[in-house]
1. For the chain, what is the accessible area per residue in Å² when the probe is 1.4 Å?
2. Assign unit charges at the C-beta atoms only (+1 for Lys and Arg, -1 for Asp and Glu), then state the dipole size of the chain relative to its Cα centre in Debye, rounded to the nearest 20.
3. If each of Gln13 and Lys64 carries a label point 7 Å out from its Cα toward its Cβ, how far apart are those two points in nm?
4. Which residues' amide hydrogens lie under 5 Å from the amide hydrogen of Gly108, considering only partners 5 or more residues apart or on another chain, with H built in the peptide plane?
5. Can you send over the carbon and sulfur percentage of the accessible area for the chain, probe radius 1.4 Å, protein chains only?
6. Give the lysines whose C-alpha is closer than 19 Å to that of Lys43, dropping any in the same chain fewer than 8 places away, or say none.
7. Output the Cα-based Rg and Dmax of the range 68-115 in Å, rounding Rg to one decimal and Dmax to a whole number.
8. Count the DSSP beta bridges whose two residues both fall in the chain, then state the antiparallel fraction as a percent rounded to the nearest 5.
Amino acid sequence: QVQLVESGGGLVQPGGSLRLSCAASGSIASFYYMGWYRQAPGKQRELVAHITIHGITNYADSVKGRFTISRDNAENTVNLQMNSLKPEDTAVYYCNGARGQVNYWGKGTLVTVSS
C-alpha cells in the first residue's frame, strides 16, 4: 500500500505562485498516471493535471499555460508548479496515483488565493 502525502499549500495573493509536492511512501515507477485533482467548496472534484509514466502531460483547460506538472520516479515525487494564480483556483488539491485498476489518494492540501 503506497501512501501519498501532499505539501506546499497555503494562502497566496492573486497573480502569485505556489509549488505543491506529493511524496509517495513507495515507488511510483509502476504508476502509469500520477496527477493532481482539486475540489472547491460546493463543487465536485476535478482533474487539474496528470502525467504518464512516459512523461506525457494533460491539463485542464482552466490551468493550461499557468500550471506545470512533473514527476521524479527516482525520488517518488510529483510536483505541481502553479503560477498566475486566480481566486477561482482556491480549492483542496489532492495527489492521485493510478496503478492498474487501483487509485491512490492523498489527504489533500488547501490552496487559498485571496487578497
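1. Spelled out: the 1.4 Å probe surface of the chain, per residue, equals 53 Å².
2. Numbers: 10 positive and 7 negative charges, 23 e Å.
My answer is approximately 120 debye.
3. Taking the two extended label points, one gets 3.0 nm.
4. Here the answer is Glu6, Cys95, since their amide H atoms fall under 5 Å of that of Gly108.
5. Values: 2900 of 6110 Å².
For the chain, the apolar C and S fraction of the accessible surface comes to 47 percent.
6. By straight Cα distance, Lys43 reaches Lys86, Lys107.
7. Values for the range 68-115 (Cα only, Rg and Dmax): 13.0, 42 Å.
8. On the way: 39 of 42 bridges.
Of all bridge pairs located within the chain, approximately 95 percent are antiparallel.
The values are calculated or read from the model by the stated rules, or taken from the named source; none is laboratory data. Being a predicted model, the structure only gives us computed values, none of them experimental. Reconstructed Cβ throughout: ideal geometry from the backbone, glycine too, with neighbour counts over all protein chains shown. We work out accessible area using only protein heavy atoms, side chains counted, and drop any ligands, DNA or RNA first. Shrake-Rupley method; radii C 1.70, N 1.55, O 1.52, S 1.80 Å.
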